[in-house]
Amino acid sequence: MSLAQPVVAIIGTRNPDQQQERKARFLSYELSHNHNCTISTGAAYGIDEAAMKGALAEKLNVYLPWSSYNREIIPDRAKIVVASERLHPHWYASVTQYHPAASRLKPGVRSLHARNYGILEHADLVIAFPNEDGGGGTGQAIRIAEALNIPVMQFNKGAEAVLMNQTLLTALNHLGLISGAGLVRVTESENVDVYV
């Protein structure tokens, strides 16, 4: 965990179900407004947008693949970081390392995947909301987080509802903001996993 305020990356599908969207917004709000966490996300429509709507703008870091990407949905006071192969060569190297078809990616798609590394590299916890197949950018980001030994709380599309307050307590406990029994693993039958 970082020495400064905790950083929580909230990432996920562009087509969330209602439970995923509500949970992303709720967790972003609670963690940034009430627990001094910085929220890190990527400015895509869907889960990233829900995380931005919930977050306190002054505690929001938004990572973009290029400077004009979805600017209309980014809160005014958010910190914006734009992927640059010159400034962030390790972000771009991560695409080759973690994307299963990196050699076939067009430059714009490569930048989208590169910015995923930026979203995660300083995170103390990743909260992920993937689509049904767990692929795409969210799947790649989960692979990066696991390789960097960053814990991932994953809420799959279509999962049974898990109490939001229990989810928040689990995240706060992991971040060391409350004491407790440690991260819990919710059964796979509920389609939710917490990896430590």
When region 21-40 is checked residue by residue, the ones that are in a helix (DSSP H, G or I) and surrounded by fewer than 24 Cβ atoms within 10 Å (Cβ to Cβ) are Glu21, Arg22, Arg25, Phe26, Tyr29, Glu30, Ser32, His33, Asn34
Among the candidates Ala78, Ala44, Ala55, residue that is crowded, with 24+ Cβ neighbours inside 10 Å, touching a Leu at 6+ places or on another chain (Cβ under 9 Å), small (Gly, Ala, Ser) and modelled with pLDDT of 95 or more: Ala55
Qualifying residues in region 141-165 (those that are modelled with pLDDT of 70 or more and among the charged types (D, E, K, R)) - the one surrounded by the fewest Cβ atoms within 10 Å (Cβ to Cβ): Glu146
Among the listed residues Val62, Val81, Val126, which satisfies the condition of being touching a residue at least 60 places away in the same chain (Cβ under 8 Å) and touching a strand residue (DSSP E or B) at 6+ places or on another chain (Cβ under 8 Å)? Val126
Wholly inside region 46-156, helices (runs of 4 or more DSSP H) that include 1 or more residues that are more than 23 Å from Asn34 (Cβ to Cβ) are 89-98, 107-120, 136-147
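The values are calculated or read from the model by the stated rules, or taken from the named source; none is laboratory data. This is a predicted model, so every value here is computed, not measured. Using ideal geometry, Cβ is built from the backbone for each residue, glycine included, and neighbour counts are taken over all protein chains shown.
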